[in-house]
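All remarks here apply to the structure that follows.
The values are calculated or read from the model by the stated rules, or taken from the named source; none is laboratory data. Note that the structure is a prediction, hence the values are computed from the model and not measured. Don't worry about glycine lacking a Cβ; one is built from the backbone with ideal geometry, like all the others, and counts go over all protein chains shown.
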Amino acid sequence: MKTKNLITTLLATASALPLSALAHVGADGGGHHNFLDSLGHAFAHPFGGADHLAAMLAVGAWSALAFPHHGTVWRAPAAFVALLVAGCLAGFAGLHVPAVEPMIAASVLVLGLLVMVRQKMAWGAAAALVGVFAFFHGAAHGYELFEDSAAAAAGAVLGMAAGSALLHLGGMALGHRVMQRHQLLARLAGAATAVLGVALLTRLA
């Protein structure tokens, strides 16, 4: 009963999150006209959207749980940042990627489940998985920059990559110092992230 009540509470909380959590394509396109403005706005963006914040932290935490050795723990987060940049550039070039919002919501669900069950896999498969999700995250924002200047787009891409990398590092620190020692906390954090993903997908249905 306690578990059922916890899931119900988490779902209700996720459902109460503002719709701006999914405001991507067209939300602020063309609103930042120079490098520094775009850099600052894009750096802050992953911290302000519930979906991005949860996904970035989950990538870092899952990497720490699935790849405890320092030689491999950074590879999935690095792949995420690289494909995030690729997605941004593709969107800026005018590529309209379909199903961006559902894929972003699905990434929150899947990454939450991976944290919850502490799923291990080959690092190449992990990098490919998070890379696919990252491309959609990047494409959502790159398309916003389609009519912006090259300097503003460069600032936005750099800021998004830096903000995301910082959140990955935060997730890795949480995974190493807290979740590896307290499995219940890892499961609760993963479950909360997965429930958020379900709530976001439900809103899109």
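Can you confirm whether Ala152 is touching a Phe, Trp or Tyr at 6+ places or on another chain (Cβ under 8 Å) and in a helix (DSSP H, G or I)?
yes
Looking at this structure, is Ala199 closer than 23 Å to His69 by Cα, part of a helix (DSSP H, G or I) and in contact (Cβ under 8 Å) with a residue 24 or more places away in the chain?
no
Search segment 52-71 for residues that are over 22 Å from Gly163 (Cα atoms) and pair each with any residue that is part of a helix (DSSP H, G or I) when their beta-carbon atoms are under 7 Å apart and the residues are at least 6 apart or on different chains.
Here the result reads Ala66/Ala126; Phe67/Val73; Phe67/Trp123, each pair linking segment 52-71 to a residue that is part of a helix (DSSP H, G or I).
Just a yes or no: is a residue in segment 31-41 crowded, with 24+ Cβ neighbours inside 10 Å and modelled with pLDDT of 90 or more?
No, there is no match, as no residue in segment 31-41 is crowded, with 24+ Cβ neighbours inside 10 Å and modelled with pLDDT of 90 or more.
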